[in-house]
Amino acid sequence: MSQPTILLRRTNNHLPEEIVLEILVRLPVKSLLRFRCVCKSWYRYIATPNFINNNLLYCNDHNRGFFIHMPKTTGSMVSFSRPHGQICTVASHHTFEAIYELRIPFTFQSGYPHLVGSCNGILCFSDYRSFEFKDVYLWNPSIRKFKKLPDTCLTHLFNVSLGFGFDSQNNDYKVVRISQSTAKPMPPPDAEVYSLSSDSWKRVGLGISWRSNVVFHKFNCTLTFPFVSGNLHWMIEMIEGGGQERRFTSMILSFDVNSEKFKELPLPDDEGGCITKCLTSFKEQLALIKFGYGVQPHSLLCSIWVMGDSWNKIRVLPIENLTDFIGFTNYGLLLVQKRSRLVSTNSELERKHKSVLIDPETLHEKEIQVDYRLDVAAYMENLALLDGANVVSY
Amino acid sequence: MKFCTVKQYFDDENNNNVTNGIATTVIPLPNKHLKIKANNKEMEQYEQELLRNVMPQELTKLILAANYLNFKEALDFFCRTVANAIQNKSVDYVRKFFGLESDFEPGEEEKLCKEFAWSFEGVDED
C-alpha cells in the first residue's frame, strides 16, 4: 500500500472505538507516541492506564520481551575507582545476542549506578554510595523519560535496601526503602514506601514481631530483590543472642505492594550448612538458591528451592568453577559466572570471567559473550510514566 | 459458536455489514488456521497472499465482518495486518487511512509533536 487509500468514509463503515483500540494495542511504543498527534480521541486512548496495560499484556503474550544486562557495580569497582560504563545492553530473551544499547541518561554523584529492579520495562536505579542509596531514579527507556524521586522522609539513612514493584490493582509503581538504625542493641529497621501516583514517600511500620534478642542484622544483597506475585522480598541475615549463645539465622521479609504490609516468610527446613544462599525468582515464583561444597574440588553443589504453598527443593546440580550467581532467565535457565582461563592482554596475565547459561534439567551449558559481573533484568517496551510531575525527557 | 453466528447472519436480511464476497474470504480462515497453525512462516505467506487479493478498501469491511461474526482469530489477523501496515507511517498517512481529521487547537498539535520529536524520525515517506 504505497498510496494512502481512504480506508473508510466518516458517514458509514466508520470503525468503532473498540476496533481502533484493537489496532492501536498492537503497535510498538514509538508508533503510539507519534500517533498521539492524530486526533484528540487517539491522544486520549493512548494515555489511559487501561490501554497502557493492554499494550503491555499484548507485548508479553507475543514474545516482545527482552533481557537487559549491564555491568554490576561492586564494592571493588568503587574502591579501585574503576569507571562504570553506564551502558545497558538489551539482548534477546532466547539467544542473549545483543540487540541494542541504552545509555543511562542521568548521572550519580558517585558515578556508580546500582540497578534496584525492573518492572514492566521501567527501570529503577539508585546511587551506589556508602549504602545510603539516597538518590533514586525511575527510567522508561521506551519513551525516553526519567524521573528523580523526592528525598526520603526518614530521618536517617544507613545500610539501606531498596525494592521496586508494581501494584497491579492500583496501576501504580512503588519503591520501598528499608534503613537500619545505628543504635545498639540494633532495633528493627525503618521503612518507607514511595508511590508514583502520589509522588511522595510515606513511612510504613514493619508490623512484624521483631525478635528481641537480635544483636545484628544485615541484608543479603548480592542480587536485586525479587518481585514476585505482587510482593517484594528481602533476605536478612541475623545474629541472635550474645556471648556463648550466639546463633546465625536468616529470615525472609516480604512486602505486599498493594496492601503495603510486611510479613515474615520461613526459609526451607533443610538447614544443612551452606556457603551462601540467595533469594531470587524462578519462573515467576519465589526461589532460594543455596551453594554448598561439592564432591569434586572446584565444584559447588547448587540446590534450587521454589516456594509454592511451601518450600520445595526442585533440583540439585553441581557447578564447576562457579564465581557468581546472576539469576534465572524467564525460561528457567541458570545464569552464572565461572572462573575462566588466564588471558594475556598487553603482556599482563588477567583472569577473565565467563558468563554461562546452564539448563538445570539437562546440565547443558552455553557460554554467552559477556565478561564482566552482571546485573540482569527482564525488559520490554512500555508507555507508562507518560505524564507526571518532575519527569525529564531526553 | 462461530457457525451459529454465520447462520444468524444468513438469516438476517437486514444485515448489510457483511457482503458475500467478504464472507468467502473470512469464513475459510478457521480451517486454514488450524491446518497451518504450527508453522509461522507459512502463516505469514498465507497472510501476504490473502492481502494481495484484497482491495485496501475492503479491509475495513473485513474487520467489521470479523467483529460481527465474533471471529476472534480473523479479527486478530486483520488488526495485526493494519497495525503492521501503519506502524512506520506518518501522522498524515494514518489520518487519511482512517478518514480522520486533526481536531487539536492551533499550536496544541505542535506542542504534542515536540514532546516526542524523536518518534518522528525514520518514518516512511508518504
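Contact annotation: no residue pair with Cβ atoms under 8 Å, 6 or more positions apart or on different chains, pairs a residue in region A:68-85 that is open to solvent by 90 Å² or more (accessible area, probe 1.4 Å) with a partner that is modelled with pLDDT of 75 or more and of a type in the set (S, T, N, Q).
Within region A:124-157, restricting attention to residues that are of a type in the set (D, E, K, R) and part of a strand (DSSP E or B), the residue that is farthest from A:Lys261 (Cα to Cα) is A:Lys145. The residues of region A:64-81 that are over 19 Å from the mean Cα position of the chain (by Cα) and over 13 Å from A:Arg373 (Cα atoms), listed by number, are A:Val78, A:Ser79, A:Phe80, A:Ser81. The set of residues in region B:63-74 that are more than 8 Å from every other protein chain (Cβ to nearest Cβ) and open to solvent by 20 Å² or more (accessible area, probe 1.4 Å) comprises B:Tyr68, B:Asn70, B:Lys72, B:Glu73.
If you check B:Asn84 against the conditions, is it over 17 Å from A:Tyr43 (Cβ atoms) and not in a loop (DSSP other than H, G, I, E, B)? For B:Asn84, the condition - over 17 Å from A:Tyr43 (Cβ atoms) and not in a loop (DSSP other than H, G, I, E, B) - is met.
Taking region A:252-293 and the strands (runs of 3 or more DSSP E) fully enclosed by it, the elements with 2 or more residues that are open to solvent by 60 Å² or more (accessible area, probe 1.4 Å) and under 30 Å from A:Asn170 (Cβ atoms) are at A:261-265. Can you tell me which residue within region A:34-63, out of those that are closer than 19 Å to A:Arg144 by Cα and at the interface with chain B (Cβ under 8 Å from one of its Cβ atoms), is surrounded by the fewest Cβ atoms within 10 Å (Cβ to Cβ)? In this case the residue turns out to be A:Tyr43.
Modelled with pLDDT under 90 and out of contact with any Cys (no Cβ under 7 Å at 6 or more places or on another chain): is that true of A:Ser310 in this structure? No, not satisfied. If only residues of region A:17-33 that are under 29 Å from the mean Cα position of the chain (by Cα) and at the interface with chain B (Cβ under 7 Å from one of its Cβ atoms) are counted, the one that is farthest from A:Asn140 (Cα to Cα) is A:Arg26. The one condition from (1) open to solvent by 60 Å² or more (accessible area, probe 1.4 Å); (2) facing chain A (nearest Cβ under 7 Å); (3) over 11 Å from the mean Cα position of the chain (by Cα) that B:Glu109 does not meet is (1).
Every residue, every condition in (1) touching a strand residue (DSSP E or B) at 6+ places or on another chain (Cβ under 9 Å); (2) within 22 Å of A:Ser393 (Cβ to Cβ); (3) not small (Gly, Ala, Ser), yes or no:
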{"site": "A:Leu138", "(1), (2), (3)": "yes, yes, yes"}
{"site": "A:Arg144", "(1), (2), (3)": "yes, yes, yes"}
{"site": "A:Leu154", "(1), (2), (3)": "yes, no, yes"}
{"site": "A:Ser179", "(1), (2), (3)": "yes, no, no"}
{"site": "A:Ala183", "(1), (2), (3)": "no, no, no"}
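For region B:75-106, the candidate set comprises residues that are more than 9 Å from chain A (Cβ to nearest Cβ) and farther than 17 Å from A:Leu21 by Cβ; within that set, the residue that is least open to solvent (accessible area, probe 1.4 Å) is B:Glu105.
The values are calculated or read from the model by the stated rules, or taken from the named source; none is laboratory data. This one's a predicted model, so the numbers in the text were calculated from it and none came from an experiment. Backbone-built Cβ (ideal geometry, glycine too); neighbour counts: all protein chains shown. These accessible areas exclude ligands, DNA and RNA; they are computed on the full protein's heavy atoms, side chains included. Shrake-Rupley method; radii C 1.70, N 1.55, O 1.52, S 1.80 Å.
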